[in-house]
């Protein structure tokens, strides 16, 4: 399970594509009988993931405030120094404190990851639900756009377009633009099944406007799917952001992200390991935490997968 | 980048000036060369030396604009004649293998230099080296015919004529104007066949080395393995080479240190990488030889940028920068003492070096603040302002160069204390010179200049005042800092024309004091040359200004 997830992650992180939406085979049954998910406690791994994620988030938010150094400070007495009491993570070649830089990088990567995941899932929910509910030309238009975006080499496009912008918001918009399509297709499939359900029909016969039915009845009933997918997207978005930043296309100085820190530290990874391993380790921990939570959520909401597991 | 490098080398490896300095003048106490100098009798005959280059050159004509590279010089120094060889302090001495005597034989009405050639010296095709080779080289390099794509014309353009003396082995060079650095000329000397026509000059040495005249001769190219093999030349008239062969190999920087650690290379230049240095040091049977290199690190200030055109602001920025801290960060892990370079023309290890920074040696925050106040930049909040504009300077660096970025970050922190905002602008490394530095599209830019044994003529262009062409257009040519004045020009020209080396050095130092006040180039430190070699090797390593004698390189018996 986890191996296949990593595989899928890699594909998305580098190309923005997901091979297929076949991981939602039982989606109709799950959304067809609300509330499908029985109240169930998180599994042990899920709790571990959640704890790790909360810890990292707290570190990212509070850490930079507590550290006495700032990102712009340079310690002229300590260039490329291994960890000491003064600099627990060591220093960069220009005397920057790696602790505060790593925590700021973690903050930026987490922020971008969450914002992109939420935005991409929102877009996916709206596009998928409208296409699936209205069908006809709305469906054809929206799916044509979706398919078009799926075949565009996202990494290259984002790399080229984002290198003209120094703003991280631009990066968020670009990453979002290439991350919603597969979820949208899954949502569309689920909506097509749902539009023939009694409660949807009832609403329609009572004269409730169509857009209101989509927003009030269809999308809320897909919440479980969307929450699980958003969580998985957080990991994908973080990896996409760090890969772009690693190659110098994503977050640009003076901002730092885990990706740009890893890129800066890579040439000295063996000679001065502290320039590389803190950022790399935190990235690994972050992705593991997000995946554990995402897997667990999907297991809870998706009976078909649970049966297989 | 390649072209930019070539250009910079062209700017700096030009011709002539200071020679044996006045007695008693000591160069600064830094290691000038580290070569494991060993007497020839202690070196065994035979063996193959494998030497790592940073790239595999295509143009082997060193006087061609594309051949003016360190890598080409490293190879061709084993093959081509030169009248003078520099020692590690940059003092040239006659090379008797090629030239028996070379002196200024007249100074008025015109400077005349007479070379007496060694009649035994022959090209590998059997022809003797004569005045005709000198004549052809002058005609190609004097810059009259643009069809010759020459690296530089310095010195050659000042020659009025090259004539045959009492026989073929005497060359009489008459100068149109005095040229003190005349010893830099004809190094290296290429045969008449290479310089007689633009066709041969530009294309005759691409991918081939047709003629040589040194202790080694050309053996073979292997373009797939990127190697060039030189073999001992049996017809060499001097003391024969100790090595059987030298194999040069072009490799990427990561691959070089790996190849050395694997025992596939015997010599390679590590460059300013602490990581590679530590890896090379730990390789079996290896030693690292270090000496002061011929190049120096500096910041160039754009004297035509809106903010820095005010000389008071340039001086204030120079005073706000603690150069020792920058040097300390750059040199971290390179095992090299932090010695500041306080001279634009002469390196610390060079004959005649004098610290000329004076009151601009910095750092002096109080004076810098006063200068900025006087210039109208007043503190309001964190950043100084003048007429609603922020004191915000662009520090332009090439991408992928960690050294430049860390210099920028440190300078940023230093100048912030003065209320100067420094914005680091990373640009593609291929565009750094062509689109930013050369057109003057920057405020401050960090890079390196290469010093030569002939400091004035080599760097005259870097500090010469702009030439007013049509209207208000000023053409700056090689002066990338875009500031200068007539006083500096006069002093530099006097130094260049001075034939007495000691007097020339004095004039150079006087000019340097003026250049310091101008804050065009802010020198930081002379860079170390760090070379990893096989521990058994002698007479090779960090050469500083010295021209190596390839015949003496070998393995200690």
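Numbers at a glance
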{"read-out": "Matching residues, region B:237-252, being out of contact with any strand residue (DSSP E or B) (no Cβ under 9 Å at 6 or more places or on another chain) and either surrounded by 17 or more Cβ atoms within 10 Å (Cβ to Cβ) or closer than 27 Å to residue B:44 by Cβ (or both)", "value": "B:238, B:239"}
{"read-out": "Sole exception among (1) more than 17 Å from residue B:555 (Cβ to Cβ); (2) touching a strand residue (DSSP E or B) at 6+ places or on another chain (Cβ under 6 Å) for residue B:302, by number", "value": "(2)"}
{"read-out": "Verdict on residue B:434 being assigned to a helix (DSSP H, G or I) and away from chain A (no Cβ under 13 Å)", "value": "yes"}
{"read-out": "Strands (runs of 3 or more DSSP E) wholly inside region B:218-291 that include at least 1 residues being over 26 Å from residue B:125 (Cα atoms)", "value": "B:245-250, B:267-269"}
{"read-out": "All positions within region A:71-84 that are farther than 16 Å from residue B:326 by Cα, within 14 Å of another protein chain (Cβ to nearest Cβ) and modelled with pLDDT of 90 or more", "value": "A:82"}
{"read-out": "Selection from region A:264-303 of residues that are within 23 Å of residue A:251 (Cα to Cα), touching a residue at least 24 places away in the same chain (Cβ under 8 Å) and surrounded by fewer than 18 Cβ atoms within 10 Å (Cβ to Cβ)", "value": "A:285, A:288"}
{"read-out": "Listing of strands (runs of 3 or more DSSP E) fully contained in region B:327-406 that carry 3 or more residues being touching a residue at least 24 places away in the same chain (Cβ under 8 Å), over 20 Å from residue B:515 (Cα atoms) and over 31 Å from the mean Cα position of the chain (by Cα)", "value": "none"}
{"read-out": "Matching residues in region B:370-407 - criterion: being surrounded by 22 or more Cβ atoms within 10 Å (Cβ to Cβ) and within 14 Å of chain A (Cβ to nearest Cβ)", "value": "B:395, B:396, B:397, B:398, B:404, B:405, B:406, B:407"}
{"read-out": "Unmet criterion (only one of (1) in contact (Cβ under 8 Å) with a residue 40 or more places away in the chain; (2) within 14 Å of chain B (Cβ to nearest Cβ)) for residue A:188", "value": "(2)"}
{"read-out": "Residue list for region A:85-107, restricted to those being in a loop (DSSP other than H, G, I, E, B) and either within 12 Å of another protein chain (Cβ to nearest Cβ) or under 24 Å from residue B:417 (Cβ atoms) (or both)", "value": "A:86, A:87, A:92, A:93, A:94, A:95, A:96"}
{"read-out": "Test result for residue B:332, within 14 Å of chain A (Cβ to nearest Cβ), under 17 Å from residue A:76 (Cα atoms) and surrounded by fewer than 19 Cβ atoms within 10 Å (Cβ to Cβ)", "value": "no"}
{"read-out": "Criterion (surrounded by 24 or more Cβ atoms within 10 Å (Cβ to Cβ) and away from every other protein chain (no Cβ under 14 Å)) met by exactly one of B:340, B:346", "value": "B:346"}
{"read-out": "Condition met for residue B:460 (under 21 Å from the mean Cα position of the chain (by Cα), in a strand (DSSP E or B) and over 30 Å from residue A:249 (Cβ atoms))", "value": "no"}
{"read-out": "Number of the condition not met by residue B:183 [criteria: (1) within 22 Å of residue B:56 (Cα to Cα); (2) in contact with a strand residue (DSSP E or B) (Cβ under 8 Å, 6 or more places away or on another chain); (3) part of a helix (DSSP H, G or I)]", "value": "(1)"}
{"read-out": "Test: residue in region B:411-429 that is more than 14 Å from chain A (Cβ to nearest Cβ), closer than 29 Å to residue B:154 by Cβ, modelled with pLDDT under 85 and surrounded by fewer than 20 Cβ atoms within 10 Å (Cβ to Cβ)", "value": "no"}
{"read-out": "Matching residues, region A:58-67, being crowded, with 17+ Cβ neighbours inside 10 Å and in a helix (DSSP H, G or I)", "value": "A:59, A:60, A:63, A:64"}
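The values are calculated or read from the model by the stated rules, or taken from the named source; none is laboratory data. Nothing here was measured: the structure is a model prediction, and the numbers come from that model. Backbone-built Cβ (ideal geometry, glycine too); neighbour counts: all protein chains shown.
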